[in-house]
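For reference, the structure is listed below as structure tokens.
The values are calculated or read from the model by the stated rules, or taken from the named source; none is laboratory data. Because the structure is predicted, anything quoted here is derived from the model rather than measured. Glycine gets a Cβ as well: all are built from the backbone with ideal geometry, and neighbour counts include every protein chain shown. Areas reflect the complete protein model, heavy atoms only, side chains present, ligands, DNA and RNA absent. Shrake-Rupley method; radii C 1.70, N 1.55, O 1.52, S 1.80 Å.
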Amino acid sequence: MRQHLLADRGFYLGTVFRRAADRHGAVFVTLDRPLDVAPSLGVDLSYTVLAEVVEELSGRLWEAGVRPSEQVVVHKADNVDIMLLTCAVSRIGAVPVLLSPALAPQVAGQLLARLRQPWLVTDAATLDGLKDIALSGLVRRTLSVDDAPRAEPLAKYTGAEPPPPVRLHPREPALITHSSGTTGVPKLAVHCARTMWNRLVPQQAMGRPTRGETAALHMSFVHSRFYHLLGVLLHFGSPLVLITDPAPAAVGPLLVRHRPGIVETHPNTFVLWEELAGAPGAPLSRVRSYGSTFDAIHPRTVRRLLDASRRRTPWLIQLYGQSETGPVAFQVVTRRSAARADGRRVGFGIPGFTRVRVTDAEGARVPPGTPGRIEARTRGRILTYLGMPDRYDRQLTDGWWEMGDLGYRDRLGALYLIDREVDRIDAVHSNLEVEDALMSRLEELREVVIVPGADREPVPVVCVRGERPLDPERWRRATAGLPAMAEPRQWRFEELPMTATWKVKRVEIARMLTEDVRA
């Protein structure tokens with residue numbers, strides 16, 4: 001497979017399972033719930049079975065009339081078949097457009113309007129949520145994985161002969177995902193096989209030390225990071241445990257059964273999974289490598305995860321980047337380095353693939369240790385924002401992409417993240433740094449987010465595990481030596497507005513505080 005990828009310098013999703021099955025055989029793939037597109041298959045599957053499902057789905061889509069270069073929106077309830085439908089759409093040369101099931105219907109409608117009469121693959125529940133959206137004017141046809149009203153069942157075309165795989169030019173659009181939407185309506189990011197390949201290759205190098213280890217993943221199936229990790233794991237023949245329900249009570253027994261050597265999920269899910277560190281059966285005892293992307297991860301969480309493993313030298317790989325760029329910096333944290341690690345350090349650029357710099361407001365590089373805007377130069381950058389090319393161009397300066405973050409580099413070139421520019425509060429040097437300190441000092445915290453109040457004062461919004469109230473005296477001791485803040489607001493974790501990858505929407509929280517409303 002590597003030789004093939006090097007030959008055409010493109011990462012194509014349509015045949016990843018077939019190539020993996022041909023190379024490695026019937027490696028097991030375990031799900032925590034059956035596929036919506038094929039519930040009779042159960043939850044104990046394999047590379048070979050999933051390759052056959054992808055091919056069968058591609059035959060149904062082709063028979064329904066989907067053709068190369070057409071856009072096919074996959075917008076349905078969260079499940080592994082989002083991934084399989086994505087690969088099936090790609091296999092016939094069409095362009096998968098992945099919309100999170102967590103999107104509000106009106107936001108999904110706005111994103112559909114940016115596309116050019118796409119096909120829509122959905123389910124009854126999701127389609128019911130779109131009942132106030134005039135889909136007839138936005139989509140070409142609607143196909144459903146179940147018996148949804150107002151949609152044509154995809155099962156109608158069961159048994160259709162799959163066509164041979166279709167491969168688009170490596171620089172043509174091959175996948176469309178959306179940004180997190182933490183500051184407003186998400187943007188549609190257009191990927192091509194060439195830029196996806198440039199993200200895949202360095203991640204394959206990072207994955208080589210754990211090749212073949214069982215991998216447990218709880219990740220958004222509509223995020224590009226998932227597909228690059230999938231490409232790495234299939235390349236090395238790793239058995240897969242794919243998780244949709246992150247509740248520790250559900251995840252614990254599954255991990256005890258399979259003893260994964262690789263675990264990757266969202267940083268906020270890792271906070272939840274701190275409970276697994278001492279869970280019955282020691283579900284994290286065989287983990288050699290944790291993977292964390294999407295957002296900052298608290299040092300407390302890193303230490304607990306690494307201490308839960310009984311492997312001699314477990315590590316956590318932290319990738320810093322965004323949907324538009326892929327990973328642009330990385331670092332490896334071990335037990336030894338975690339004890340003294342700065343939670344704001346996100347590492348170095350990826351040699352041969354990415355470079356990072358920090359600039360002032362005029363675009364000039366700043367000296368080491370001086371805060372400024374983080375910019376990245378990467379071979380994995382998306383082609384454009386669909387329907388918003390001007391917005392895309394505004395973030396580019398001579399090939400350098402504005403990440404929207406503030407940070408600095410030390411004398412060795414390591415990058416440190418301070419805050420998102422939009423989240424900056426003058427009275428606090430770094431919201432993220434203060435949040436890390438509070439999480440380390442108060443083990444009962446599930447989350448803490450510092451946002452600006454009505455007068456731009458820093459307001460901590462805290463979530464405590466369980467239903468107990470925050471102890472005022474413990475809070476007073478924990479905040480000693482930290483910047484002055486308003487009295488904490490205690491919310492339930494479920495009240496926090498979040499993205500599909502569990503990124504907290506800070507701007508939305510600030511609005512809710514100002515308007516005194518809850519999610």
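Odds and ends about this structure:
- ARG381 vs. criteria more than 30 Å from PRO118 (Cα to Cα) and either open to solvent by less than 30 Å² (accessible area, probe 1.4 Å) or touching a residue at least 24 places away in the same chain (Cβ under 8 Å) (or both): no
- Scan of the range 487-519 for residues that are among the hydrophobic types (A, V, I, L, M, F, W, C) and either in a helix (DSSP H, G or I) or in contact with a Gly (Cβ under 6 Å, 6 or more places away or on another chain) (or both), ordered by number: PHE493, VAL507, ILE509, ALA510, MET512, LEU513
- Residues that are crowded, with 21+ Cβ neighbours inside 10 Å, without any contact (Cβ under 8 Å) to a residue 60 or more places away in the chain, under 16 Å from GLN203 (Cβ atoms) and of a type in the set (S, T, N, Q) are absent from the range 322-340 altogether.
- ASP78 vs. criteria closer than 21 Å to HIS218 by Cα, without any contact (Cβ under 8 Å) to a residue 60 or more places away in the chain and out of contact with any helix residue (DSSP H, G or I) (no Cβ under 8 Å at 6 or more places or on another chain): no
- Scanning the range 448-466 turns up at least one residue that is under 23 Å from GLU274 (Cα atoms) and surrounded by fewer than 13 Cβ atoms within 10 Å (Cβ to Cβ).
- Output for the range 476-486, where each listed residue is assigned to a loop (DSSP other than H, G, I, E, B) and either exposed (fewer than 15 other Cβ atoms within 10 Å of the Cβ) or hydrophobic (A, V, I, L, M, F, W, C) (or both): ALA480, GLY481, LEU482, ALA484, MET485, ALA486
- Positions within the range 277-307 being of a type in the set (A, V, I, L, M), assigned to a helix (DSSP H, G or I) and surrounded by 21 or more Cβ atoms within 10 Å (Cβ to Cβ), in sequence order: VAL302, LEU305, LEU306
- Within the range 345-364, one or more residues are out of contact with any His (no Cβ under 9 Å at 6 or more places or on another chain), modelled with pLDDT under 95, outside any loop (DSSP other than H, G, I, E, B) and of a type in the set (D, E, K, R).
- Subset of the range 385-432 [among the β-branched types (Val, Ile, Thr), under 23 Å from the mean Cα position of the chain (by Cα) and crowded, with 19+ Cβ neighbours inside 10 Å]: ILE418
- Of all residues making up the range 203-219, the number that are under 14 Å from the mean Cα position of the chain (by Cα) and open to solvent by less than 10 Å² (accessible area, probe 1.4 Å): 2
- Test for VAL66: is it part of a loop (DSSP other than H, G, I, E, B) and either more than 24 Å from the chain's Cα centre (by Cα) or crowded, with 23+ Cβ neighbours inside 10 Å (or both): yes
- When ARG19 is tested against (1) of a type outside the set (Asp, Glu); (2) in a loop (DSSP other than H, G, I, E, B); (3) closer than 20 Å to HIS228 by Cα, just one condition goes unmet, and that condition is (2).
- With respect to the stated conditions, GLY10 is in a loop (DSSP other than H, G, I, E, B) and either of a type in the set (Gly, Ala, Ser) or more than 20 Å from the chain's Cα centre (by Cα) (or both).
- Test: residue in the range 215-224 that is under 21 Å from PHE11 (Cβ atoms) and in a helix (DSSP H, G or I): yes
- Any hit, the range 226-242, residues being of a type in the set (S, T, N, Q), surrounded by 22 or more Cβ atoms within 10 Å (Cβ to Cβ), assigned to a loop (DSSP other than H, G, I, E, B) and in contact with a Pro (Cβ under 8 Å, 6 or more places away or on another chain): no
Here is a yes/no grid of residues against (1) among the hydroxyl-bearing types (Ser, Thr, Tyr); (2) open to solvent by 10 Å² or more (accessible area, probe 1.4 Å); (3) part of a loop (DSSP other than H, G, I, E, B):
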| residue | (1), (2), (3) |
| --- | --- |
| ARG167 | no, yes, yes |
| PRO170 | no, yes, yes |
| ILE176 | no, no, no |
| VAL190 | no, no, no |
| ASN198 | no, yes, no |
| VAL201 | no, yes, no |
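- Residues being more than 16 Å from ALA20 (Cβ to Cβ) and either touching a Pro at 6+ places or on another chain (Cβ under 9 Å) or in contact (Cβ under 8 Å) with a residue 24 or more places away in the chain (or both) - total across the range 32-57: 12
- Out of HIS169, HIS178, sole residue that is touching a strand residue (DSSP E or B) at 6+ places or on another chain (Cβ under 6 Å) and within 30 Å of ARG394 (Cα to Cα): HIS178
- Answer residue from the range 114-157, given it is open to solvent by 30 Å² or more (accessible area, probe 1.4 Å) and in a strand (DSSP E or B) and is farthest from GLY387 (Cα to Cα) among those: PRO153
- Candidates in the range 69-89 are the residues that are open to solvent by 10 Å² or more (accessible area, probe 1.4 Å) and among the acidic types (Asp, Glu); of these, the one that is farthest from GLY129 (Cα to Cα) is GLU70.
- Considering (1) closer than 21 Å to ARG19 by Cβ; (2) open to solvent by less than 10 Å² (accessible area, probe 1.4 Å), the lone condition that ARG194 does not fulfil carries the number (2).
- Residue check, ARG60 of a type outside the set (Gly, Ala, Ser), in contact with a Ser or Thr (Cβ under 8 Å, 6 or more places away or on another chain), farther than 30 Å from HIS169 by Cβ and at pLDDT 95 or above: no
- Qualifying residue in the range 258-276 (condition: of a type in the set (Gly, Ala, Ser), in a helix (DSSP H, G or I), under 15 Å from THR30 (Cβ atoms) and open to solvent by less than 30 Å² (accessible area, probe 1.4 Å)): no
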